[in-house]
Amino acid sequence: MAKISDRDIDAIREKADIVDVIGHYIQVQRKGNSYVSICPFHDDHDPSMSISPEKKIYKCFVCGNGGNVYTFVQNYENISFPEAVSRVASLINYPLQVELGQQSHTVVDPHKEALYKVMDEAIQFTMYQLDTPDASTERKYLQDRGLDDALIQTFQIGYNPTGSALYHFLHAKGYKDSDMNQANLIRINESGTFDTFASRITFPIHDEKGHPIGFSARILDPNNPSKYINTNETEIFTKGDIVYNYHRAKATARKEGKIYVCEGVTDVIAFAKAGIQNAVCTLGTSCTEHQINLLKNIAAKVVFCYDGDHAGQAATLRAVHMARKAGCDVLVIRNLTGKDPDDLVRQQGKQGLEDLLKDEITWIEFVIQYQISQTNMNNYSDKKELIQKVQADISTLSDEVDRRYFTQMLAELTHMPIDYVPTQKRPVPIDTYSRGRLVVPDGSLDAEDLILIMMLKSSGFAHTFEVELGYLNDKVHKLLAMLIIDSLHTLHDVDPSHLIDRTDKQDVKDLLTRLVSLPAYDVEYDEAVLAGAIRKVKITTLQKEKEAYFAQLSQSGLNDASQNVLMAKYLECIQKLRRYLDEEDNN
């Protein structure tokens with residue numbers, strides 16, 4: 001394992017703005033003095049993750065995931081702690097000199113790495129070939145469609161020559177036939193080995209991390225029925241998992257809080273021609289839950305800009321419902337032009353697309369308009385079914401004004417009397433969540449929470465705890481108390497964001513981030529509050545001891561000596577308990 005000095009770890013943690021680092025991965029929104037976001041660690045529908053720049057921690061109050069800046073990067077990228085430190089250092093431009101490489105904990109799949117490498121080599125080859133005389137027709141085609149050299153370079157557009165030119169090039173470079181075949185760059189049959197994308201313009205496809213994984217390729221031969229073909233399913237290419245241009249668009253999408261979702265590769269490039277960098281596509285009209293989850297991690301607003309034909313609009317309806325279910329703020333571009341974004345930019349220039357994007361409507365407006373367009377409005381039964389469908393969608397709106405407004409709109413458009421749609425019953429919020437499970441509030445656990453909070457806030461309170469109590473009943477609470485005491489004795493430091501890195505026990509980290517995220521953490525306390533919490537823990541302890549002694553005394557077969565000893569302890573326990581209970585009543 002690579003060794004990074006404690007000094008560097010502390011310096012990077014202190015210099016890093018946790019909001020900026022998390023915002024590099026997911027969309028973050030300001031809320032008061034803190035920030036919130038959709039939690040990427042569970043199927044989150046509403047922002048349930050809170051981020052505190054002052055405390056330098058984050059916490060999800062639904063799934064319980066929490067920690068500091070290193071914890072987030074570790075969990076999000078599924079990497080080791082040293083790699084997370086190195087990644088954060090890179091994000092904040094901290095000059096960390098450490099070689100991770102093979103010493104890190106991350107296990108790199110050598111086979112996938114081989115496929116990424118052969119794909120990257122293929123991309124470089126096809127880009128070079130686009131500038132050769134053999135590709136003059138394809139180059140002119142791209143230029144006629146308004147793609148200048150800058151766009152071609154940005155999107156790494158290339159040309160795969162006829163026959164087996166790519167195969168022979170890669171073979172000469174030492175790449176294995178099996179890797180080329182498994183990356184779907186070549187086809188092997190009884191007649192020989194051939195390039196999969198021969199005679200086609202190639203548009204490289206990358207995964208969300210920027211790894212090259214496949215191609216979408218166009219042929220100019222009018223007699224070929226397959227104008228576009230994509231890479232087949234491979235170990236690194238799964239069509240339903242891919243959002244084309246995601247790795248390029250995510251920075252702008254996070255900054256602007258919006259991501260445009262198109263149907264095809266050329267639509268995304270058309271957006272780029274118009275100077276709009278936060279556009280992606282789903283490589284066809286289908287949209288999957290995985291793609292939606294990728295989208296919601298980079299932008300609060302997802303704007304669907306599918307084609308205006310029947311297939312495109314039907315796909316928009318499916319995608320809208322899927323995105324709504326995932327908790328996205330969904331908008332739709334109403335496309336009445338009969339043209340896709342690529343056509344608009346080629347025929348009308350940048351202004352054509354900008355005009356189209358001005359016609360942005362809410363998802364529920366789209367649903368109403370689409371459902372009406374698909375309904376025989378002269379048939380009562382069809383209209384009734386339409387109303388039931390749309391009412392179900394309207395009922396999911398959280399704002400009462402919206403529900404009333406769109407109910408009235410539906411009534412006017414269908415010429416049907418429709419009652420106002422009330423709010424759907426919502427699940428009771430979980431107020432108490434511990435280590436991934438709902439727990440029943442317990443007075444003594446609350447007292448232990450309070451003791452730990454006060455220990456984190458003051459070394460004096462921690463010292464009082466050591467002298468007056470020295471233990472906690474809950475196992476995880478006890479471990480955190482020991483961690484605090486040890487850090488105070490050895491490092492004179494109990495900063496919560498530092499403590500997280502001093503334990504490898506996830507339940508302790510979860511407890512720590514939960515406590516620091518509670519409103520109670522920001523309250524000022526005095527010794528009287530601590531004394532009351534300590535007394536509550538002692539009362540709980542004595543009550544358990546009393547019950548245990550009573551159970552032993554109730555057993556048969558005890559000799560007189562044993563019974564006398566147990567009785568003395570039982571009575572002593574009752575006496576102490578009464579004293580503490582009297583103190584409780586007097587305070």
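May I ask you to list pairs of residues, at least six apart or on different chains, whose Cβ atoms are under 6 Å apart, with the first in the stretch 278-304 being in a helix (DSSP H, G or I) and the second being of a type in the set (Gly, Ala, Ser)?
Ile292/Ala323; Ile292/Ala326; Lys296/Ala326
Restricting to the stretch 413-424, what's the tally of residues that are closer than 26 Å to Arg318 by Cβ, at pLDDT below 90 and open to solvent by 40 Å² or more (accessible area, probe 1.4 Å)?
Matching residues across the stretch 413-424 total 2.
Every residue, every condition in (1) open to solvent by 50 Å² or more (accessible area, probe 1.4 Å); (2) touching a Pro at 6+ places or on another chain (Cβ under 7 Å); (3) over 24 Å from Lys255 (Cβ atoms), yes or no:
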{"residue": "Ala11", "(1), (2), (3)": "no, no, yes"}
{"residue": "Asp20", "(1), (2), (3)": "yes, no, no"}
{"residue": "Lys31", "(1), (2), (3)": "yes, no, no"}
{"residue": "Ser34", "(1), (2), (3)": "no, no, no"}
{"residue": "Val62", "(1), (2), (3)": "yes, no, yes"}
{"residue": "Asn75", "(1), (2), (3)": "yes, no, no"}
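Of all residues in the stretch 167-217, which are farther than 19 Å from Asp131 by Cβ, among the hydroxyl-bearing types (Ser, Thr, Tyr) and touching a strand residue (DSSP E or B) at 6+ places or on another chain (Cβ under 7 Å)?
Hits for the stretch 167-217 are Tyr167, Thr193, Thr196, Ser216.
Of (1) out of contact with any Lys or Arg (no Cβ under 8 Å at 6 or more places or on another chain); (2) in contact (Cβ under 8 Å) with a residue 24 or more places away in the chain; (3) more than 16 Å from Phe125 (Cβ to Cβ), Arg187 satisfies all except one. Which?
Single failed check for Arg187: (2).
Somewhere in the stretch 428-446, is a residue farther than 23 Å from Asp495 by Cα, open to solvent by less than 30 Å² (accessible area, probe 1.4 Å) and at pLDDT below 90?
Looking through the stretch 428-446, at least one residue is farther than 23 Å from Asp495 by Cα, open to solvent by less than 30 Å² (accessible area, probe 1.4 Å) and at pLDDT below 90.
Could you say whether any residue in the stretch 570-579 is hydrophobic (A, V, I, L, M, F, W, C), farther than 18 Å from His477 by Cα and part of a loop (DSSP other than H, G, I, E, B)?
Within the stretch 570-579, not a single residue is hydrophobic (A, V, I, L, M, F, W, C), farther than 18 Å from His477 by Cα and part of a loop (DSSP other than H, G, I, E, B).
Within the set of pairs 6+ apart or on separate chains, which have a first residue in the stretch 378-407 that is under 17 Å from Leu317 (Cα atoms), a second that is in a helix (DSSP H, G or I) and open to solvent by 50 Å² or more (accessible area, probe 1.4 Å), and C-beta atoms under 9 Å apart?
What qualifies is Asp393/His321; Asp393/Arg324; Ile394/Asp402; Thr396/Arg324.
If you go through the stretch 499-542, how many residues are outside any loop (DSSP other than H, G, I, E, B), in contact (Cβ under 8 Å) with a residue 24 or more places away in the chain and more than 17 Å from Ile451 (Cα to Cα)?
Number of matching residues: 4.
Six or more apart or on different chains, Cβ under 8 Å: which pairs go from a residue in the stretch 347-364 that's surrounded by 15 or more Cβ atoms within 10 Å (Cβ to Cβ) to one that's in a loop (DSSP other than H, G, I, E, B) and modelled with pLDDT under 90? Could you list them?
Qualifying pairs under 8 Å: Leu356/Asn335; Leu356/Thr337; Ile364/Leu397.
Just name the residue that is nearest to Phe237 (Cα to Cα) out of those in the stretch 166-198 that are among the small types (Gly, Ala, Ser) and buried (at least 17 other Cβ atoms within 10 Å of the Cβ).
The residue in question is Ala183.
Which residues, taken from the stretch 219-248, are over 24 Å from Gly163 (Cα atoms), of a type outside the set (Lys, Arg) and either in a loop (DSSP other than H, G, I, E, B) or out of contact with any Cys (no Cβ under 7 Å at 6 or more places or on another chain) (or both)?
Hits for the stretch 219-248 are Glu235, Ile236, Thr238, Gly240, Asp241, Ile242, Val243, Asn245, Tyr246, His247.
Those residues that are touching a Phe, Trp or Tyr at 6+ places or on another chain (Cβ under 6 Å) and open to solvent by less than 20 Å² (accessible area, probe 1.4 Å), I need them from the stretch 221-267; list them, please.
Result: Thr231, Val261, Val265.
Looking only at residues that are exposed (fewer than 15 other Cβ atoms within 10 Å of the Cβ) and free of Cβ contacts under 8 Å to residues at least 24 places away in the same chain in the stretch 133-152, which one is farthest from the chain's Cα centre (by Cα)?
Pro133
Could you say whether any residue in the stretch 330-342 is in contact with a Pro (Cβ under 7 Å, 6 or more places away or on another chain) and crowded, with 22+ Cβ neighbours inside 10 Å?
Scanning the stretch 330-342 turns up no residue that is in contact with a Pro (Cβ under 7 Å, 6 or more places away or on another chain) and crowded, with 22+ Cβ neighbours inside 10 Å.
Among the candidates Asn230, Asn223, single out the residue that is more than 17 Å from the chain's Cα centre (by Cα) and without any contact (Cβ under 8 Å) to a residue 24 or more places away in the chain.
From the options Asn230, Asn223, the qualifying one is Asn223.
Take the conditions touching a Leu at 6+ places or on another chain (Cβ under 8 Å), over 11 Å from Val118 (Cα atoms) and hydrophobic (A, V, I, L, M, F, W, C) and apply them to Ile205. Does it pass?
yes
Can you find, within the stretch 372-412, the residue that is surrounded by the most Cβ atoms within 10 Å (Cβ to Cβ) among those that are in a loop (DSSP other than H, G, I, E, B) and hydroxyl-bearing (Ser, Thr, Tyr)?
Ranking the qualifying residues of the stretch 372-412, first place goes to Thr375.
So how many residues does the stretch 40-58 have that are buried (at least 24 other Cβ atoms within 10 Å of the Cβ) and not aliphatic (A, V, I, L, M)?
Going through the stretch 40-58 one residue at a time, the tally reaches 1.
Name every residue in the stretch 163-181 that is in a helix (DSSP H, G or I) and not hydrophobic (A, V, I, L, M, F, W, C), in order of residue number.
Correct list: Tyr167, His168, His171, Asp177, Ser178, Asp179, Asn181.
Looking at Asp46, is it within 17 Å of Ala299 (Cα to Cα) and part of a loop (DSSP other than H, G, I, E, B)?
So Asp46 fits the description; yes.
Pairs please, first residue from the stretch 543-559 and in contact (Cβ under 8 Å) with a residue 12 or more places away in the chain, second anywhere and open to solvent by less than 80 Å² (accessible area, probe 1.4 Å), Cβ atoms under 6 Å, 6+ apart in sequence or on different chains.
Glu545/Cys573; Lys546/Cys573; Tyr549/Leu566; Tyr549/Tyr570; Gln552/Leu566; Leu553/Leu566
The values are calculated or read from the model by the stated rules, or taken from the named source; none is laboratory data. It should be emphasised that the depicted structure is a prediction, and the values quoted were computed from it without experimental measurement. Neighbour counts run over all protein chains shown; Cβ positions are idealised from the backbone, glycine included. Keep in mind that these areas ignore ligands, DNA and RNA; they rest on the heavy atoms of the full protein, side chains included. Shrake-Rupley method; radii C 1.70, N 1.55, O 1.52, S 1.80 Å.
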